[in-house]
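This report refers to the structure that appears directly beneath it.
Just so it is clear, none of the values below were taken in a lab; they were calculated from the coordinates. No experiment lies behind these values; they were computed from the predicted model shown. Note: ideal-geometry Cβ built from the backbone for every residue, glycine included; neighbour counts use all protein chains shown.
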Amino acid sequence: MLKTCTTILVGKNASLTGSTLIARNEDGADDSNAQRFVVVNPEDQPQPYHSVHSDLTIPLPDNPLRYTATPDADPTYGIWGAGGINSKNTAMTATETITTNARVLSVDPLVEKGLGEEDFLTLVLPYIKSAKAGVLRLGKLLEEYGTYESNGIAFADREEIWYMETIGGHHWAAIRIPDDAYAIAPNRWNITDFDFNSADCLASADLPEFIAKNQLNPDHEGLNLRHIFGSATIKDRYYNNPRAWYVHQFLDDNFVGEPTDQDLPFINHATKKISVEDLKFLLSSHYQETPYDPYGETVLEKHFRPIGINRNLETHILELCNQVPDEIAGIHWLAFGPNTFNAMVPFYSNVTDTPACYRDTPTVVNTNYMYWISRVLALIGDGNFALYQDLQDNFAQTVLQNVLRMQKETDRQATPTEKTLTSANQAMADFILAQATKLLNDAINLGSRNMKLRFSLGD
């Protein structure tokens, strides 16, 4: 069950609010694959853990932490927790599917019965108290069990962001994202310049020897991991690279590059502070104001894979706030369905339960649940984007301004409690569901007046 995604990371000094931000679109196949938003309490954490895909059974440490997650509604193929924040205000998103090359796989093949995206969140997030600890725990698991796919994983705490990529079946490398920078990862190998002697770089202990022994470095000088472990294919030019290009040209006024460039930067510096709204816009992008917009009046014959796509299952922005009490530091921003037609909600993560309309998603269509009403709205909106765009924009703006107001009112309370945070989450969920229902009603009325079968005696 391959899930191709887009990840954006923002250091605390690069963000508008001084928060660390790790964000990702979880993209699936063309089927609906309904998603849920849950809290996994310690008593609900599996012990031992069993991987459906690999048929592996793995013992886990005692005393897991509570954490949020967005698993599949249908557990037939495993949990697929995707992303969340634990009770120690440490966040993880897993995973970004990445590319590699045959040279690497020939000397460290993928492990058919290893670990993968299905497993990572459940095996790591409940057992870490910092971003760096997340890298080290997952690295140890990769070395022991191996992996059957190439993935990128991001971790954050209130101070640091680390991004990690798997190498072949058993190796890995990770880099700390500078506090004043952002990073964009679009389904390709991403880490570039790397220094094994730097405190901001971590890797398998034998990785320098692995590179040298197997003659993997194609460059005359330096150590560029993308050149060593990545790919530079035609698919990258049209499926992956344009997404990085669009993010860079939006955030960095000084950026110079083309959509198909193979050496677009991974880490970069923005011209202005980056907001959650910026991330939502970028993760919803379909190349607005370029010739490559599928909704544009003129679309080039060969256009690129957009960031916002019909296969968006859910989108999370995991925000870890500074200069606030620990109880309200973790904010799990969440939207369901294709991003062009949805809205984000800032759910507090320090809770023991989530609103039912997000938690209890059924596997078949039911518009009383946020996942399904979001999918229905996306399908209607996509049929005539120009007709419905204003309705969607007004919906997203109305939702955002009201949930932000609710969040600010909750933050101002002298002593935030689990009860008050749960109530705030419920109020935000109730509001967006009501607004989404109103949007669906308005869209049906507007669309009915434009149906091809419309006819009246006055015509």
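Within the shell defined by Cβ-Cβ distances under 12 Å, the residues around residue 169 carry a net charge of -4, with Lys and Arg each +1 and Asp and Glu each -1. Applying 0.36 nm per residue to the separation of residue 453 and residue 107 and subtracting their alpha-carbon distance, the gain on full extension is 118.4 nm.
Quote the FRET efficiency, to the nearest 0.05, computed for residue 49 versus residue 29 with a Förster distance R0 of 25 Å and r equal to the Cβ-Cβ distance.
Values: r = 25 Å, r/R0 = 0.98.
It comes out at approximately 0.50.
Projected label points at residue 41 and residue 298, each 7 Å from Cα along the beta carbon direction, are separated by 6.0 nanometres.
Can you bin the stretch 204-348 into rounded, prolate or oblate? Criterion: square roots of the alpha carbon gyration tensor eigenvalues sorted a ≥ b ≥ c, rounded for a/c under 1.5, prolate for a/b above b/c, oblate for the rest. Before the final figure, lay out each step's value.
Values: a/c = 2.04, a/b = 1.21, b/c = 1.68.
Here the stretch 204-348 falls in the oblate category.
Placing R0 at 60 angstrom, the Cβ-Cβ distance between residue 434 and residue 209 gives a FRET efficiency of 0.50 after rounding to 0.05.
A crude spin-label estimate for the pair residue 289 and residue 441, with each label 7 Å from Cα along the Cβ direction, gives 3.5 nm.
Dipole orientation for the chain: of the candidates 141, 225, 59, 59 has the Cα lying most toward the positive pole (charges on Cβ; Lys, Arg +1; Asp, Glu -1). Take the Cβ atoms of residue 419 and residue 360, set R0 to 22 Å, and the FRET efficiency comes out at 0.60.
Sparsely packed loop sites in the stretch 192-296 (the trypsin sites (Lys or Arg not before Pro) outside DSSP H, G, I, E and B with at most 15 other Cβ atoms within 10 Å) comprise 272, 273. Note: relative contact order over the stretch 94-195, using C-alpha pairs below 8 Å and six or more positions apart, is 34 percent.
The stretch between residue 200 and residue 401 holds 68.6 nm of extra length on full extension. This uses 0.36 nm per residue minus the Cα-Cα distance. Residue 214 sits among other residues whose Cβ lies under 12 Å from its own Cβ, and their net charge, with Lys and Arg +1 and Asp and Glu -1, is -1. Here's the list of lysines a cross-link from residue 132 could span, going by alpha-carbon distance under 21 Å and ignoring same-chain residues fewer than 8 apart: 12, 88, 140. The peptide list 160-171, 404-415, 100-111, 32-43, put in order of mean Cβ contacts within 10 Å with the highest first, becomes 160-171, 32-43, 100-111, 404-415. Stretching the chain fully between residue 193 and residue 60 yields a gain of 44.4 nm (0.36 nm per residue, less the alpha carbon separation).
In the stretch 6-354, the alpha-carbon atoms span a convex hull of 132 Å³ per residue.
A simple charge model with +1 on the Cβ of Lys and Arg, -1 on the Cβ of Asp and Glu and nothing else charged puts the dipole of the stretch 61-195 at about 260 debye relative to its Cα centre. Rounded to the nearest 20, the size of the Cβ-charge dipole of the stretch 335-459 about its Cα centre is 120 debye, with Lys and Arg at +1 and Asp and Glu at -1. Near residue 369, once Lys and Arg are set to +1 and Asp and Glu to -1 for all other residues with Cβ below 11 Å from its Cβ, the sum equals +2.
Here the dipole of the chain is about 720 debye; that uses its Cα centre as origin and unit charges on the Cβ of Lys and Arg (positive) and Asp and Glu (negative).
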